[in-house]
Amino acid sequence: MAQFDAVAWFQLLTLGGLAGAMGQAIRVIVGMKKLNDQASNTNTSLAAMIVPTQLVISLLIGFIAGALASSQLISDLAHISSQQIFALSAAGYAGADFIEGFMTRITPSLPAPQPTPTPAPTPVAAAPLADLPASADGAVG
């Protein structure tokens, strides 16, 4: 394992994390295509089927997987190859897939959010003035 100072470690982990999140973003794009197909089959909008918190958590998992991989893969910050960046992206893609697959096995699955239709407002009929009770105090209104 390479010896770095704190600033170099921060740079290394940030680079690895961003590359891992990029790999996870590729996975998200594939998932969005599948979700779009599912939305068109069920006559639902794509926006109604997207769960923003799940998207953010997924990208964070990719970031963490890439950061962890960078600490083992890169030993010289001055010379980082494109193959190493690609490997960090692959770690974010595969690591997030592994972690999310593992988590779905040990945690109960939540039902997919279903869009809730907005009920139409019910019209309120105004009572005729003749049916209103008379005011005994002599006040108007």
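The values are calculated or read from the model by the stated rules, or taken from the named source; none is laboratory data. It should be emphasised that the depicted structure is a prediction, and the values quoted were computed from it without experimental measurement. Positions of Cβ are generated from backbone atoms using ideal geometry, with glycine treated the same way; all protein chains shown enter the neighbour counts. Accessible surface is based on the protein model in full, side chains and every heavy atom, while ligands, DNA and RNA are left aside. Shrake-Rupley method; radii C 1.70, N 1.55, O 1.52, S 1.80 Å.
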Residue pairs meeting the criteria (Cβ under 8 Å; at least 6 apart or on separate chains; first aliphatic (A, V, I, L, M), in the range 76-104; second assigned to a loop (DSSP other than H, G, I, E, B)): Leu77/Phe4; Ile80/Ile74
Cβ-Cβ under 6 Å pairs, at least 6 apart or on other chains, the range 30-50 side of a type outside the set (S, T, N, Q), far side open to solvent by 70 Å² or more (accessible area, probe 1.4 Å): Leu46/Asn36
